[in-house]
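Single-structure report; data block below.
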Amino acid sequence: MSLLVLCEFKVRTDEAEFLRVARALASAAATEPGTLRYQWFVTQQPGHYSIIEEYVDADAAEAHNNHVDSLLREFFAVADLVSVSFFGELNAYLREWVSGREGIKLNKAL
């Protein structure tokens, strides 16, 4: 079963820098065999963006985060995570990432 991740971010500082890094993340994700979808959206709230990420499984999501680690550090320097929803099974890496964070929703299939 695939893992679907929906996130919303708020730009903290420089929106141009946010967009540069978001585009770099999307470009990097396009080369990952376990990444099925990685698509950014502008929301109706100024300075807020959403992303839909879909991976073949939680291990592919972990591999993505490892692959783009330096870009994620740049990203979180200019943006705050507002919310994240996971649809599917998490592995140990993602369960650890989720622990202690606010605004996270875990959804399981029926």
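For Asn91, state whether it is within 12 Å of the chain's Cα centre (by Cα), free of Cβ contacts under 8 Å to residues at least 60 places away in the same chain and surrounded by fewer than 16 Cβ atoms within 10 Å (Cβ to Cβ). No, not satisfied. Checking Glu17, Glu32 one by one, the residue that is in a helix (DSSP H, G or I) and of a type in the set (Asp, Glu) is Glu17 and no other. With the requirement that a residue be surrounded by fewer than 18 Cβ atoms within 10 Å (Cβ to Cβ) and either of a type in the set (A, V, I, L, M) or touching a Lys or Arg at 6+ places or on another chain (Cβ under 6 Å) (or both), what does region 3-46 give you? Residues satisfying the conditions are Leu4, Leu6, Ala16, Leu19, Ala24, Ala26, Ala28, Ala30, Leu36, Val42. In summary, strands (runs of 3 or more DSSP E) completely within region 38-110 and bearing 1 or more residues that are of a type in the set (Phe, Trp, Tyr) occur at 48-55, 79-87. The single condition from (1) in contact with a Leu (Cβ under 6 Å, 6 or more places away or on another chain); (2) more than 18 Å from Lys10 (Cα to Cα) that Ser85 fails is (2).
Where a number appears in this text, it was derived from the coordinates with a stated rule and is not lab data. The structure displayed is predicted, hence computed values, not measured ones. Don't worry about glycine lacking a Cβ; one is built from the backbone with ideal geometry, like all the others, and counts go over all protein chains shown.
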